[in-house]
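Chemist: Would you mind keeping the following structure in view while I ask a few things?
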């Protein structure tokens, strides 16, 4: 009897192991009815396609941009990297805080340098970014205040760095970054995608890929470029676009689901919709030329009213009525890509109200709370990007 129980238990363990191995390594079968013209258009080797052609000029923005850029350089850049917060925080937290370093911030600042600064400054910051964050396989998403580099990437953050290299190549008319981009992107395809379908992260220490993709991670333009570079078929990008479009909530509440699980083929959310995530999704759809008009109208209406709240329930009722500058920066970019100068200008006018113009403040020129001195790099960097246009 004991022998039978032991053998039965062994079979269960072996079976579970086979099941885990099979499903962990199972590739999603990519089947799409057709590939749209918008998706095919992203498959290009033209760096110049990433150099901004659109631009709206709002009075006074150049001065505000210089002020913000100076604040970032003087107060948020420490030893060649962007700190997450103006104030230090030595406590250990799950979310990056204090003087932690994020590849997200590095990617945003590199994009700014590529769009609006010099090759010399770009090269200097890029060299340090690569030294700090790149581990030979991917860019770590975070470095703690203690200097610890985390073993996990965030796929969107990698794409931001890739995009900055493409923009820099086009802006500065150079092939200097091509070799790095080819190396980075080929490893990205290997570790952060399954059969060309992007996942949220790769844990290098555990050698595990995420089973989900966050819809707001899908930068279709950058993916099209690196897919072309690595011979990934357009069907993969179309499949990802279909996932995003399937995550649309409703015409009454025209935002998007948070995540999609490949194995279970289902959408996931935390019970609330984060406005920054949905705005990022809409921004990438707008750049692709397929953003829903209902979404554009929702964004524009709430920008005009000043009611882009941080989060909503699934029916569209505000849950967190606080607001962030980053929401209006993303709204400005949406306006840019759908060529709506009113949406862009209105968003910029709200952004200007977030900026500290009191010359006696320690955070003069930045985006933050003048009382608590809470300053987040994300708000400052997204605003800087919005000002770049």
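Quick note: the coordinates plus some simple rules give every number you see, no bench work behind them. Keep in mind it's a predicted model, so treat the numbers as computed, not measured. Note that we place each Cβ from the backbone using ideal geometry, even for glycine, and neighbour counts take in every protein chain shown.
Chemist: Only Cα pairs under 8 Å and at least 6 apart count here; give the relative contact order of the chain as a rounded whole percent.
Modeler: Contact order relative to length: 19 percent.
Chemist: Taking the Cβ-Cβ separation of residue 174 and residue 128 as r and a Förster radius of 22 Å, what is the calculated FRET efficiency to the nearest 0.05?
Modeler: 0.70
Chemist: Here's another thing I want to ask about it. So for the pair residue 242, residue 358, with labels modelled 7 Å out along Cα→Cβ, what separation do we get in nm?
Modeler: Those two pseudo-labels are separated by 5.5 nm.
Chemist: Could you work out how much longer the chain between residue 313 and residue 208 gets when fully extended? Use 0.36 nm per residue separation minus the Cα distance between them, nm to one decimal.
Modeler: 34.6 nm
Chemist: Let me ask another. Using the alpha-carbon centroid of each, what span in Å lies between the stretch 105-171 and the stretch 175-190?
Modeler: 13 Å
Chemist: Hey, what number do you get for the chain at 222 nm if only DSSP H runs of n ≥ 4 count, each worth -39500 (n - 2.57), divided across all residues, to the nearest 500?
Modeler: Estimated from H runs of four or more residues: -15500 deg cm²/dmol.
Chemist: Residues of the stretch 168-183 with amide nitrogen under 17 Å from the 7 Å Cα-to-Cβ point of residue 121?
Modeler: Of the residues in the stretch 168-183, 168-169, 171-173 have backbone N under 17 Å from the label point off residue 121.
Chemist: Match the structure shown to one of the listed values (i) 82, 47, 46; (ii) 89, 52, 37; (iii) 71, 53, 32 of Cα extents along the principal axes in Å, computed from it, and give that label.
Modeler: Derived directly from the coordinates: (i).
Chemist: Sorted by packing (mean other beta-carbon atoms within 10 Å per residue), highest first, where do 353-361, 217-225, 268-276, 291-299 land?
Modeler: The packing order, highest mean first, is 217-225, 291-299, 268-276, 353-361.
Chemist: Here's a follow-up. Once label points are set 7 Å from the Cα along Cα→Cβ at both residue 195 and residue 135, what is their separation, rounded to one decimal in nm?
Modeler: 2.8 nm
Chemist: Over 10 Å intervals from 0, what percent of Cα-Cα pairs in the stretch 125-188 sits in each interval?
Modeler: Computed distribution, short to long bins: 21, 55, 21, 4.
Chemist: Okay, next question. What does the extension gain come out to for residue 261 and residue 41, with contour length at 0.36 nm per residue minus their alpha carbon separation?
Modeler: Separation in residues times 0.36 nm, less the Cα-Cα distance, equals 76.5 nm.
Chemist: Test of understanding: what is the full-extension gain from residue 33 to residue 268, defined as 0.36 nm times their sequence separation minus their Cα-Cα distance?
Modeler: 82.2 nm
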